[in-house]
C-alpha cells in the first residue's frame with residue numbers, strides 16, 4: 001500500500017501524449033488550444049469612434065471655430081471618409097471609422113443641431129472618444145497561448161481573428177467499464193440482491209463535462225469474458241476507467257486479466273479513504289492507461305476527481321488549479337490514511353468555508369449528490385481545528 | 001437611466017414559466033429536476049457486506065467458537081443464502097448479501113484458512129462490517145428535491161432508483177441576434193472598416209454551458225429587415241438576445257422595431273459600466289423576454305453574466321449562488337455608475353483574492369479572455385481599500 005502523495009505523483013508521471021486535431025470554432029469550446037493565436041490585423045483595426053456624436057479636426061478648435069457644417073453621417077460598417085475642411089464635421093456613430101483629417105469626437109450630448117450645422121457647447125480635448133488603431137493589440141501579436149482553455153470569451157477572440165477552425169489537443173478515447181454480477185440496467189427492476197448500475201453513468205456525466213463522451217461497457221464476473229473484452233477495449237481506447245473488480249475478493253478478476261494483457265501495475269491500494277483498493281496500470285509502448293477504481297460510488301467519484309482529472313489536465317498541457325477552503329468545524333484526521341471527506345461549501349466575505357457531510361460510508365450516493373466536493377485531510381493523530389485551511393477538490 | 005439594483009430587480013421580476021419536459025437520463029446532466037425523486041426501495045436494499053471476509057453468527061462467538069467450517073462463497077450479485085448452523089461460516093465478498101442467520105462479518109486479514117475451515121484471530125464486535133438495509137435511505141424517502149441541478153453525482157442517484165427518464169424544467173428557446181453592417185462572418189476577410197462577428201459566437205458558447213443551443217441570426221442595419229426578422233424570431237423563440245443596435249446612434253433601429261412589435265420596454269440605459277445602453281423588454285401575454293445588449297464585446301459579456309444568468313436560474317427555479325472575493329489592491333469606484341471590472345482570481349488559504357485587469361475599454365476582447373470574472377463595485381466617491389470583500393460574478 002502506498003501513500004496518497006506517492007500514488008498521485010505516479011499517476012501524473014504517466015500522462016499520455018495525445019496529439020492535436022482541428023475542430024470547427026463552435027465545437028472547440030471547453031477544449032485546449034494547441035496553437036498560439038495571433039492578431040491577423042491591428043485591434044482595433046482602425047481609429048474607432050467610441051461615442052455617437054460628431055468628428056472634427058481639432059485644428060478648428062484652435063482657430064476658435066465652434067459651429068460646423070454637417071458633411072455627412074458615418075455609421076459602423078461604412079468605409080473611411082475624409083473631412084474636406086475643418087469648418088465641417090461628420091456625424092459619427094459608435095464603432096464607425098474616424099474620417100481622415102478628423103482627430104477628435106464630441107458626443108451628441110455636448111452639441112446642438114440647427115439647419116445642417118452643429119454647435120459645440122464645451123471645448124473638447126484633442127483626440128478624445130477614439131479607440132485608436134492597434135492600441136489593444138498590434139498585428140502579429142500573440143493573443144492567446146497554446147495551452148489556453150477555450151472559454152466563451154476565448155471563442156470571441158478566435159472569431160475576431162478569423163479562426164473558424166482551431167487546432168486543439170486531442171482528448172483521450174475512454175472506455176468506462178463496469179463489472180459485477182450484482183448490477184442490472186437502470187431500466188430494470190432489480191431482484192432483492194441486485195442493484196442498478198450507477199457508477200458508470202455518473203462517470204459518463206462527469207466526463208461529458210470535460211468534453212469526453214466515453215463508451216460504456218459492462219462485464220460479468222467471468223474471467224474469460226473479462227480477459228477477452230478488456231483486450232478488445234485496450235485496442236480501441238487510450239484509457240480504460242474501471243469501477244469494481246479490484247478489491248481482494250475471490251471474484252475480482254480484473255488485476256489478473258490486466259496483467260495477462262501486458263499492462264504493468266504501477267500500484268494497487270493507496271493509504272486513503274475512500275478508495276483504498278485503487279489500481280493503476282499502464283502499457284507504455286502502446287500508450288494505454290488504466291484507472292481501476294473500487295466499486296463503491298463514493299470511492300469511484302472521489303478517485304475520479306483526485307487522480308483522473310489532474311492526470312487529464314496534465315495530459316492536455318493545462319495547469320490544474322489548486323483550491324483551498326477553511327474548515328467550519330474541527331475534523332479528525334485518520335492516523336494512517338489520507339481522508340477525502342465530502343463537504344458542502346459556503347462563501348462569505350471572500351472566504352470559502354466547508355462543513356463535512358455525515359455520509360453513511362462509501363456506499364452512500366445521496367450524500368454524494370449533496371456534496372460540493374471533497375476536502376483532503378493528510379494522515380494525523382490530532383484533531384484539525386476549525387479555521388484551518390485545507391485542500392479542496394471540487395465535484396463536477 | 002436607472003440604477004443597477006433597479007435594473008436587476010426588474011429583470012428578475014420578468015422570469016418565464018417554462019414548463020417541464022421528460023428527457024433520457026444521460027441527456028439530463030446540467031438540467032434542473034422538475035420532480036421529487038424518491039427511493040424505490042431501501043438503500044442499501046439488503047444487509048450488505050462492506051469487507052471481503054467471512055460471515056458468522058455472533059452467537060457462536062458467545063459460545064466460544066473461533067473456528068468455522070466454510071459453507072460456501074458469496075459474492076455480490078448472488079441471492080441471499082442461509083447459514084445452516086453457527087459452527088459454519090460463509091466466505092463473503094464486498095457488496096454481497098449477508099446470509100440469513102449470520103449477523104457479523106470478519107475481514108480476511110483477521111482470519112486464517114486451513115482445510116475448509118477458517119479460524120479467527122480477534123474477537124469481533126457483533127454486527128460489524130455490515131452496511132444495514134435502509135440505513136442510507138428508507139423506501140419512499142425523498143432523495144432529491146424538485147429544483148435540484150443534475151450533476152454527475154445526481155445522475156448516480158437517478159440511475160440507482162431506476163430513472164432512465166427524468167422530468168426536468170424546459171429551457172427557454174433563444175435566438176441570438178447580431179446587428180451591424182460592420183460585421184462579417186468569421187471565415188471572411190474583413191475590409192479595413194469591417195470586423196468579424198464575435199459576440200454572437202461568444203454567447204453561443206456561453207449558452208451551451210447552460211445546455212441551451214441558441215439559433216444565431218444576423219440582421220443588417222435596415223429598419224424594414226429588422227422589423228420583419230424580429231417579428232419572425234418573436235414567434236419562434238422565448239427569448240431574443242440581441243447585441244448591438246441599442247445605443248443612441250441614428251442607425252440603431254432595434255428599440256423602435258421592438259416597440260412596433262408590441263414589446264414593452266421595461267428599461268433602457270442602466271447607470272453601469274460597461275453596458276450602459278442595455279435595453280430590456282417583455283411581452284407578458286405571449287411570454288417573451290428581450291435582452292438587448294450593447295454591441296461591445298465586454299458589455300455584452302458582462303450583461304449576459306450579470307442579468308441573463310440569474311434570470312435563467314430564477315426561471316428554472318434554482319437559487320443563484322452569491323460569490324464574494326477580496327480585493328488584492330485598492331480600486332476606485334465611479335461616482336455615479338456601478339462598475340463591473342474584469343479581474344483574475346487567486347485562491348490562498350481558503351481566501352479568494354482578485355486583481356483587476358487593465359483592459360483597454362469595452363472593446364478589448366483579449367483582456368476578457370484572460371479574466372476569471374467581474375467584480376461589482378457600487379457607485380461611490382472614495383477608493384475601496386485592498387482587503388475589502390466585494391461581489392464577484394464568475395465568467396462562463
Item to complete: At 10 °C and 1.306 mPa s, grab the translational diffusion coefficient of chain B from Stokes-Einstein with a Kirkwood Rh over Cα pairs, rounded to a whole number in µm² per second.
Response: 62 µm²/s
Worksheet item: Per residue of B:293-303, what is the mean number of Cβ atoms on other protein chains within 10 angstrom of that residue's Cβ?
Response: 2
Worksheet item: Averaged over all directions, how much area does the convex hull of the C-alpha atoms of region A:266-320 cover when projected, in nm²?
Response: 4.1 nm²
Worksheet item: Which whole-number percent is the relative contact order of region A:159-275 (Cα, under 8 Å, 6+ apart)?
Response: 29 percent
Item to complete: Assign one of three labels to region A:166-230, namely rounded, prolate or oblate, based on the Cα gyration tensor with a ≥ b ≥ c the square roots of its eigenvalues; rounded applies when a/c is under 1.5, prolate when it is not and a/b is larger than b/c, and oblate otherwise.
Response: oblate
Discussion item. So for each of A:338-351, B:185-198 I average, over its residues, the number of other beta carbons within 10 Å; can you give me the resulting order with the highest mean first?
Written reply: A:338-351, B:185-198
Fill in: Volume per residue that the Cα convex hull of region B:19-178 spans, once the total is divided by residue count, Å³
137 Å³
Worksheet item: DSSP beta bridges in chain B, what fraction antiparallel, as a percent rounded to 5?
Response: 65 percent
Practice prompt. Would you work out the relative contact order for region B:1-134, in percent, from Cα pairs under 8 angstrom that are 6 or more residues apart?
Written response: 29 percent
Fill in: Those residues of region B:291-318 whose amide nitrogen sits under 20 Å from the label point placed on residue B:236, 7 Å along Cα→Cβ
B:291-292
Discussion item. With every atom except the alpha carbons ignored, what do you get for Rg and Dmax of region B:48-131, in angstroms?
Written reply: 11.0, 32
Worksheet item: How much of the DSSP beta bridge set in the protein assembly as shown is antiparallel, as a percent to the nearest 5?
Response: 65 percent
Practice prompt. Place the peptides B:372-378, A:88-94 in order of packing, highest mean first, counting for every residue the other Cβ atoms within 10 Å and averaging per peptide.
Written response: A:88-94, B:372-378
Worksheet entry | Rg to Rh quotient for region B:178-286, alpha carbon positions, Kirkwood Rh | 0.96
Response to the item:
If N is the residue count of region A:89-191, its Cα Rg over 2.2 N^0.38 Å rounds to 2.23
Fill in: Inter-label distance for residue A:67 and residue B:323, nm, one decimal - labels placed 7 Å from Cα along Cα-to-Cβ
5.6 nm
Item to complete: Report the equivalent ellipsoid semi-axes for region A:234-368 in whole Å, largest first, defined as the square roots of five times the eigenvalues of the gyration tensor built from alpha carbon atoms.
Response: 31, 19, 12
Worksheet entry | Considering only region A:84-237, percent of DSSP beta bridges that pair antiparallel, nearest 5 | 35 percent
Worksheet item: What is the diffusion coefficient of region A:323-394 in µm²/s, taking the Kirkwood radius over Cα pairs and the Stokes-Einstein relation at 20 °C with a viscosity of 1.002 mPa s?
Response: 174 µm²/s
Fill in: Average other protein chain Cβ within 10 Å of Cβ, residues A:159-166
6
Worksheet item: What are the extents of the Cα atoms of region B:136-186 along their three principal axes, listed from largest to smallest and rounded to whole Å?
Response: 63, 19, 16
Fill in: Cα centroid separation, region B:110-131 to region B:58-100 (Å)
10 Å
Discussion item. Students often check this: by mean Cβ neighbours within 10 Å, which of A:20-29, A:254-263 ranks highest, and how do the rest follow?
Written reply: A:254-263, A:20-29
Worksheet item: In terms of the ratio Rg/(2.2 N^0.38 Å) built on C-alpha atoms, what value belongs to region A:1-84?
Response: 2.36
Worksheet item: Relative to the longest principal axis of chain A, what angle (0 to 90°, nearest 10) does the C-alpha long axis of helix A:199-209 take?
Response: 20 degrees
Worksheet item: To two decimal places, what compactness ratio does the protein assembly as shown give when its Cα radius of gyration is scaled by 2.2 N^0.38 Å?
Response: 1.14
Worksheet item: What is the helix-to-structure angle for A:223-236, meaning the angle in degrees between its Cα long axis and the longest Cα principal axis of chain A, kept from 0 to 90 and rounded to the nearest 10?
Response: 20 degrees
Discussion item. Need the C-alpha centroid separation for region A:154-180 versus region B:186-261, integer Å.
Written reply: 27 Å
Worksheet entry | Shielding of B:124-137 by partner chains, average beta-carbon count, 10 Å | 2
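Read-outs: derived from the displayed coordinates by stated rules, not from any lab. A quick note: this is a predicted structure, and the numbers were derived from the prediction, not measured. Because the Cβ atoms are built from the backbone with ideal geometry, glycine has one as well, and the counts that use them run over all protein chains shown.
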